[in-house]
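Undergrad: Dropping the structure in here first, questions after.
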Amino acid sequence: MAQTQAKFRFKGALEKEEALAAPSEDDKHAEGWNGTGDNRIMLMNGGNEAGAIYVGKLYISSALQPLRVIFDTGSDYMAVTSELCSQSRETLAQKESEEKNKDKGDEQLFDPNTQATLVNVGQIQEKFLADHRFLQTDYDDDSNILIRDSDPALDAVKKMEDNAKKSKCDTQAYAIKQENEVKDMKSDFLSLKYGSADLGGFLYQDKLCIDPLGSRCAEHFQFIALSKANGLGQDFDGILGLSNHMSESKKSANFIQSLKKSGVIDKAVVTFSVNSNGSYALFGDYNASLVVGGDKGLHGLKTYAYLPEYVGAQNNWALEGQSMFYGDKELKSIIDNSSFPAIIDTGSSTLAVPGKFFESLKKEWESVVKLDCRSNDEFCQVTEQCDEVAKKVKPIGFQMGGQVFEVPPTLYLNQANGICQFGIFKNNLGGDSMNLYIIGEPLLKHLYTVYDFENSEIKLGVNLDSAESGVLIYPPGERPVIKTKE
């Protein structure tokens with residue numbers, strides 16, 4: 001996912017899951033490996049501030065090394081921590097680039113009579129090397145670099161040494177084996193963001209499996225072996241990006257397309273079902289019997305083409321955002337009757353709306369409660385209990401792809417310590433990204449969601465387990481009559 005507030009999670013809203021252990025022999029020989037007989041992976045809620053709502057276990061390489069990854073439809077690549085975290089390949093790659101581009105001249109000759117400090121390149125971030133041009137940048141056999149003591153860059157380097165651990169990884173899940181399946185793609189250093197996490201590494205190719213027996217694998221799958229994962233934490237080994245790659249050249253880095261190419265699945269489809277009886281990701285198919293209304297309750301919606309500033313249009317799952325409702329009141333006119341992107345993102349823990357919608361919602365809420373929107377400029381809160389607030393405010397409907405998806409107050413209010421938080425966020429992105437929905441956990445956890453890579457379509461229906469949640473899907477103007485309990 002791009003670097004937006006979409007990865008924000010309410011602090012304390014969810015408990016953290018325990019870290020996954022390596023697969024036991026019992027796991028490997030259990031019938032259906034994950035307790036199922038099909039291409040399912042059981043999921044758990046990540047419950048950390050990165051905003052992960054779908055976390056599962058995959059197995060990489062012929063050694064079937066277990067990975068605990070976030071399933072994120074808003075990210076491109078799979079990126080996993082690796083043994084590269086203990087190496088300095090990214091700084092060496094940056095050094096090679098600098099050597100090619102730096103100017104020639106006497107000022108770049110090192111005077112051996114000048115006092116200098118020896119610094120290990122493994123402790124220098126690649127961005128720093130790009131931003132500073134040293135008077136001498138020759139490496140010795142131990143990958144060290146000499147910096148003049150008079151150079152102000154030395155102080156910055158020393159600070160980096162103090163923070164060196166933060167720029168590496170808390171786990172090293174992928175051990176690179178010298179086997180036939182493994183291939184170093186010799187890529188440039190690749191940087192990416194996941195919420196506040198700063199990730200980077202190099203492109204590798206190996207096999208990735210959905211079962212610990214290694215019988216259901218995407219062969220020759222390309223991914224980023226991370227050499228740094230600042231902010232990812234110990235709870236996750238990486239991210240499985242499931243964005244909708246449209247180009248042929250990127251299909252080898254798309255797990256769903258790779259599973260199909262390897263003959264594991266017949267259709268390039270992944271389904272997410274979140275319910276109290278066990279949440280899972282299903283590869284290659286979907287099961288409409290788990291949807292309220294069955295096949296009729298599952299709505300196929302074409303994805304929406306757009307090009308926001310922070311991410312390429314072809315890489316995101318998005319619907320056409322058309323309008324918003326507060327109860328029966330339509331708020332469409334405040335954005336000049338134009339449509340806009342609605343990003344459907346499993347890696348997001350919020351519901352974010354265009355700024356003008358947010359301001360309109362604030363006025364509606366302020367008419368019935370004493371609203372505090374100054375403590376945090378992205379969302380609002382009150383000092384009342386949420387169960388009391390829910391009686392005063394109304395459901396919010398997101399019109400997308402020709403359907404209204406209605407969320408009741410009980411689902412967009414979050415009870416924190418002494419305050420009730422409104423879980424509808426203001427989208428504070430700039431430029432072309434200002435007017436868009438980001439649809440995350442508060443709604444998606446109640447929806448049966450099918451991502452169809454072959455037809456660029458998303459199917460959405462209410463989970464059977466959420467039949468009493470108050471989440472509704474209906475055509476505009478056909479809102480069902482809600483029966484109130486007496």
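The values are calculated or read from the model by the stated rules, or taken from the named source; none is laboratory data. For clarity, every value in this text was computed on a predicted model and none was experimentally measured. Glycine gets a Cβ as well: all are built from the backbone with ideal geometry, and neighbour counts include every protein chain shown.
Undergrad: Go through the stretch 432-452 and count every residue that is surrounded by 20 or more Cβ atoms within 10 Å (Cβ to Cβ), assigned to a loop (DSSP other than H, G, I, E, B) and more than 18 Å from the chain's Cα centre (by Cα).
TA: Here the count works out to 2.
Undergrad: Test GLY401 against the criterion of being small (Gly, Ala, Ser), modelled with pLDDT of 95 or more and more than 13 Å from PRO354 (Cβ to Cβ), and give yes or no. Spell out how you get there, then give the answer.
TA: Values: small (Gly, Ala, Ser): yes; modelled with pLDDT of 95 or more: no; more than 13 Å from PRO354 (Cβ to Cβ): yes.
So GLY401 does not fit the description; no.
Undergrad: Applying the selection to the stretch 402-417, what residues are in contact with a Pro (Cβ under 9 Å, 6 or more places away or on another chain) and surrounded by 17 or more Cβ atoms within 10 Å (Cβ to Cβ)? Steps first, answer last, please.
TA: Taking the stretch 402-417 first, the residues in contact with a Pro (Cβ under 9 Å, 6 or more places away or on another chain) are 402-404, 406-409, 411-412, 414.
Once the filter is applied, which keeps residues that are in contact with a Pro (Cβ under 9 Å, 6 or more places away or on another chain) and surrounded by 17 or more Cβ atoms within 10 Å (Cβ to Cβ), the stretch 402-417 yields GLN403, VAL404, GLU406, VAL407, PRO408, PRO409, LEU411, TYR412, ASN414.
Undergrad: Scan the stretch 457-486 and report the pairs whose first residue is surrounded by fewer than 15 Cβ atoms within 10 Å (Cβ to Cβ) and whose second residue is part of a loop (DSSP other than H, G, I, E, B) and at pLDDT 90 or above, with Cβ atoms within less than 6 Å and a gap of 6+ or a chain change.
TA: Correct list of pairs: ALA467/VAL292.
Undergrad: Same structure again: Are any residues in the stretch 257-267 surrounded by fewer than 20 Cβ atoms within 10 Å (Cβ to Cβ), among the small types (Gly, Ala, Ser) and either within 18 Å of VAL450 (Cα to Cα) or within 20 Å of the chain's Cα centre (by Cα) (or both), and if so, which ones?
TA: none
Undergrad: Of the residues that sit in the stretch 264-278 and are outside any loop (DSSP other than H, G, I, E, B) and polar (S, T, N, Q), which one is modelled with the highest pLDDT? So that I can check it myself, show each step before the final result.
TA: Looking only at the stretch 264-278, we keep the residues that are outside any loop (DSSP other than H, G, I, E, B), and these are 269-273.
Now restrict to residues that are polar (S, T, N, Q): 271, 273.
Values: THR271: 95, SER273: 88.
Only one residue fits best here, namely THR271.
Undergrad: Residue by residue through the stretch 173-186, note down the ones that are assigned to a loop (DSSP other than H, G, I, E, B) and surrounded by 14 or more Cβ atoms within 10 Å (Cβ to Cβ).
TA: As a first pass, look at the stretch 173-186 and keep what is assigned to a loop (DSSP other than H, G, I, E, B): 173, 175-182, 185-186.
Result: ALA173, ILE176, LYS177, GLU181, VAL182, MET185.
Undergrad: So which residues in the stretch 54-104 are touching a helix residue (DSSP H, G or I) at 6+ places or on another chain (Cβ under 7 Å) and at pLDDT 80 or above?
TA: Answer for the stretch 54-104, where residues must be touching a helix residue (DSSP H, G or I) at 6+ places or on another chain (Cβ under 7 Å) and at pLDDT 80 or above: ASP76, TYR77, MET78.
Undergrad: For residues that are outside any helix (DSSP H, G or I), of a type in the set (Gly, Ala, Ser) and buried (at least 16 other Cβ atoms within 10 Å of the Cβ), tally how many sit in the stretch 351-378. Outline the logic, then answer.
TA: Just the residues of the stretch 351-378 that are outside any helix (DSSP H, G or I), to begin with: 351-354, 367-378.
Pick out the ones that are also of a type in the set (Gly, Ala, Ser) and you get 352, 367, 375.
Those left that are additionally buried (at least 16 other Cβ atoms within 10 Å of the Cβ): 352.
Summing the residues that are outside any helix (DSSP H, G or I), of a type in the set (Gly, Ala, Ser) and buried (at least 16 other Cβ atoms within 10 Å of the Cβ) in the stretch 351-378 gives 1.
Undergrad: Also, quick follow-up: Looking only at residues in the stretch 268-278 that are of a type in the set (Ser, Thr, Tyr) and surrounded by fewer than 22 Cβ atoms within 10 Å (Cβ to Cβ), which one is farthest from the chain's Cα centre (by Cα)? Don't jump to the end; show me each part of the working.
TA: Initially, the stretch 268-278 is screened for residues of a type in the set (Ser, Thr, Tyr), giving 271, 273, 276.
Subsequent filtering for residues that are surrounded by fewer than 22 Cβ atoms within 10 Å (Cβ to Cβ) retains 271, 276.
Working: THR271: 16, SER276: 23 Å.
The extreme case among them is SER276.
Undergrad: Which of the residues belonging to the stretch 234-256 are within 14 Å of the chain's Cα centre (by Cα) and farther than 20 Å from THR271 by Cβ?
TA: Filtering the stretch 234-256 for residues within 14 Å of the chain's Cα centre (by Cα) gives 236-244.
PHE236, ASP237, GLY238, listed by residue number.
Undergrad: Hey, LYS260 hits all of (1) outside any strand (DSSP E or B); (2) over 22 Å from ILE458 (Cβ atoms) but one; which does it fall short on?
TA: Checking LYS260 against (1) outside any strand (DSSP E or B); (2) over 22 Å from ILE458 (Cβ atoms), the one that fails is (2).
Undergrad: Quick check on LEU232: is it under 19 Å from VAL55 (Cα atoms) and surrounded by 17 or more Cβ atoms within 10 Å (Cβ to Cβ)?
TA: Against the criterion (under 19 Å from VAL55 (Cα atoms) and surrounded by 17 or more Cβ atoms within 10 Å (Cβ to Cβ)), LEU232 qualifies.
Here's the yes/no breakdown for (1) more than 22 Å from MET185 (Cβ to Cβ); (2) among the hydroxyl-bearing types (Ser, Thr, Tyr); (3) assigned by TED's automatic domain parsing to the domain that holds LEU43:
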{"position": "ASP211", "(1), (2), (3)": "yes, no, yes"}
{"position": "ALA218", "(1), (2), (3)": "no, no, yes"}
{"position": "GLN222", "(1), (2), (3)": "no, no, yes"}
{"position": "ALA225", "(1), (2), (3)": "no, no, yes"}
{"position": "GLY231", "(1), (2), (3)": "yes, no, yes"}
{"position": "GLY238", "(1), (2), (3)": "no, no, yes"}
{"position": "ILE256", "(1), (2), (3)": "no, no, yes"}
{"position": "TYR280", "(1), (2), (3)": "yes, yes, no"}
{"position": "GLY297", "(1), (2), (3)": "yes, no, no"}
